[in-house]
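Data first, discussion second: the structure below is written as structure tokens.
The values are calculated or read from the model by the stated rules, or taken from the named source; none is laboratory data. Everything quoted here is computed from the prediction, not taken from an experiment. Backbone-built Cβ (ideal geometry, glycine too); neighbour counts: all protein chains shown.
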Amino acid sequence: MKRVLVLYLLGLLCLPVCAQEWPEATRQQIESLGENGGETGDDQLAQELDYLRRHPLNLNTADADALRATGLLSEMQAGQLLIYRKRLGELLSIYELQAVPGWNPETIRRLLPFIRVGALLTVKAEAGKRLKDGEGQLLTRIALDRQPGADAPEFSGSPYRLLLRYTYRHKQNLQYGLTAEKDPGEGFFRGAQRKGFDFYSLHFFARDIGPFRAVALGDFTVNLGQGLLHWQRLSFRKSAELTAVKRQSPVLRPYHSSGEYNFLRGGAVTIGGGKWEGSLFVSFRKLDAGLITDTLNGQTWVRSVQTSGYHRTASELSARGRLGLFSYGGNIRRKGRNWLAGLNWSGHQFSLPLAPGYEPYQFYSFTGKNWMNAGADYSYTWRNIHLFGEIAADYKKNPAFLQGLLISLDSKADLSFLYRHIAPAYQTVFGSAFTENTMPENETGLFAGLSLRPVQGWRLDMYADLFRFPWLRYRADAPGWGNDYMLQVRHQPGRTTELVTRFRTGVKTRNSSIADYGSGQTVLRKTSWRFEISNRYSPGLSGRTRAEYCRISGEGLPESGFLFFTDIQYKPVFLPFSAGLRLQYNETDGYESRIYTFENDVLYSHGSQVSYGKNFRYYINIQIDIGKNVACWLRWAQTLVRSGWGAEAYERSGNQEIKLQFRYIFR
């Protein structure tokens, strides 16, 4: 470990680091999502940001839904812009944003690549351009991820991942397209996949068509309230972006990602305008499910719903499409000058009854064929205070409650609070709220965050989250508790350099591995420290370096881990070429001391990489623009396992990743 520290310090002094094309706040949120066990395969946010880079959002015409859809603004910032625009008229320049309350220079810099200020157009003029002035895009990707077991003999197909996607889009007004994907190990035009790709998705989405605010056909997502009932958009949890405690999104969104579970398939509409607005949706899908049959009466039950989307082996293929799911629901919203209130409901009917299991922690799990949730959400803004929340219950009258508060003390300080209380028996099918648990269930907690910008170039973000679990959980055969604390300091000594350090510590209870079943628990504490420096040395060369150390203490011997990486990004100003390189080393005592990092990838592909053990990892990304409308990407990544020092210190782990991607834009 000492030798590794010395090598890192030398590298820190000599190597530059790369500026991230992703917004810094979003990158940290994706890393945090991986740490909290969330799914990061949804690439719709990446598609949205890329579209806004090429077609910036006009702040003079954007409504509240369009501002929420970007995911880059807090609810208070979006509301203040709309109030400013209503009082003073359209913006004359981007520089005028400095006069909008709550819009600090850091926010404006983060938004600059994605926004513009332009002339107003009538709805009729915009409608006439939808079918002729939009942009079509054809994307193809082939990836080979050679991991141990990736070419297992029981797999029915090749180890390649294939993606084909066509989309047409005109601003926020019209979008339609097709997505087709094949996962590694799945057949392609053979066996069970005689129709080619394993997964197909079609979507059509339009806004402002006569009385309809939004119309969705095919695949779409529904996002209600604060996620206690139904939320299918990519949602973040705890991170240094403290104002992100509030969920915000239009109720209906088109679905055009390659994930095979978290969406609806059918039709939906939003009707109304002005003060009243209502949405309705209906969907029918086939889900993968593991079934069991009672040999005495012949009745069939669903033991588990499979969400991975893999159809590689005989057992995975046998579970494909075995469970039908009919979903329906909607909401009614009333808008005031500075408040909003809505009633939400969602129902689900399965074709077969669910019976998850008989473990103690599954006592309150969803059983049967029918489920329904209903509730209300609300928000109110008074000056620099924003109050929001949601109350919900399932049809068995199990309650769930979430209350949040955002306060902008002045231009240099923001506060955020969020309290949640969710009954142990409360269940939802597609919920995703701001909770410690993956699903909103069995939890009571209080989150408090503070963001300070005391002087130019300095920012401090900190939070504390205290929570408890009234009932049992997986790997916890007794009620438990925990806490999580974070402090992050960011300093910009100049326009081209940024320093970030973060300290995070927390505890959580779970079963003791040395005690008898159900007879004891242990308290695990995880502490981590991170230091990162980024710099832009010239218009074409930039980079980032990070070091992170973590320690796990509790039952048995403690575990510790260390990771550092260096990113270098080269993008010549007048050449249609760019390249990025990462060199990374990690050394941890085991999986408990694992460390998550965000990795740059080919366009639209991203994720949070988990590292543990003793490994050296590297990757290189190359982008080449072939003409005005054609671009290609190449990625090569590999992880090497360390077995000692010297020339023979590393051996191939079998974990190699190769990606080739092409994009053609129709204008």
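List the number of the failed condition for Val641; all other conditions in (1) more than 27 Å from the chain's Cα centre (by Cα); (2) crowded, with 17+ Cβ neighbours inside 10 Å; (3) not in a loop (DSSP other than H, G, I, E, B) hold.
(2)
Tell me yes or no: at least one residue of the stretch 491-499 is closer than 21 Å to Ile552 by Cα, out of contact with any Gly (no Cβ under 9 Å at 6 or more places or on another chain) and not in a strand (DSSP E or B).
Among the residues of the stretch 491-499, not one is closer than 21 Å to Ile552 by Cα, out of contact with any Gly (no Cβ under 9 Å at 6 or more places or on another chain) and not in a strand (DSSP E or B), which makes the answer no.
Does the stretch 361-368 include one or more residues that are closer than 20 Å to His230 by Cβ, assigned to a strand (DSSP E or B) and touching a residue at least 12 places away in the same chain (Cβ under 8 Å)?
Yes, some residue in the stretch 361-368 is closer than 20 Å to His230 by Cβ, assigned to a strand (DSSP E or B) and touching a residue at least 12 places away in the same chain (Cβ under 8 Å).
Kindly provide the set of residues from the stretch 215-271 that are within 15 Å of the chain's Cα centre (by Cα), part of a strand (DSSP E or B) and hydroxyl-bearing (Ser, Thr, Tyr), ordered by number.
Thr221
Could you run through the stretch 302-352 and say how many residues are among the β-branched types (Val, Ile, Thr), closer than 26 Å to Ala64 by Cβ and surrounded by 18 or more Cβ atoms within 10 Å (Cβ to Cβ)?
Number satisfying all stated conditions: 0.
Considering the stretch 57-90 alone, what residues qualify as being surrounded by fewer than 17 Cβ atoms within 10 Å (Cβ to Cβ) and touching a Leu at 6+ places or on another chain (Cβ under 9 Å)?
Asn60, Asp63, Ala64, Leu82, Arg85, Glu90
Let me confirm something: among Tyr650, Tyr618, which residue is under 25 Å from Cys550 (Cα atoms), surrounded by fewer than 18 Cβ atoms within 10 Å (Cβ to Cβ), in contact with a Leu (Cβ under 8 Å, 6 or more places away or on another chain) and at pLDDT below 90?
Tyr650
Pairs under 9 Å by beta carbon, first residue touching a residue at least 12 places away in the same chain (Cβ under 8 Å) and under 13 Å from Ser74 (Cβ atoms) in the stretch 403-431, partner among the β-branched types (Val, Ile, Thr) and outside any strand (DSSP E or B), six or more apart or different chains?
Here the result reads Gly404/Val245; Leu406/Thr243; Leu406/Val245; Asp414/Thr243; Ser416/Thr243; Ser416/Val245, each pair linking the stretch 403-431 to a residue that is among the β-branched types (Val, Ile, Thr) and outside any strand (DSSP E or B).
Does the stretch 174-184 contain at least one residue that is among the polar types (S, T, N, Q) and surrounded by 21 or more Cβ atoms within 10 Å (Cβ to Cβ)?
Checked the stretch 174-184: at least one residue is among the polar types (S, T, N, Q) and surrounded by 21 or more Cβ atoms within 10 Å (Cβ to Cβ).
Here is a list of conditions, (1) out of contact with any Phe, Trp or Tyr (no Cβ under 6 Å at 6 or more places or on another chain); (2) modelled with pLDDT under 95, and Arg504 meets all of them except one; can you say which number that is?
Condition not satisfied by Arg504: (2).
Only one residue in Ala374, Ala289, Ala355, Ala319 is touching a strand residue (DSSP E or B) at 6+ places or on another chain (Cβ under 6 Å) and closer than 26 Å to Arg247 by Cα. Which one?
Values: Ala289 fails: closer than 26 Å to Arg247 by Cα; Ala355 fails: closer than 26 Å to Arg247 by Cα; Ala319 fails: closer than 26 Å to Arg247 by Cα.
Within the list Ala374, Ala289, Ala355, Ala319, the selection yields Ala374.
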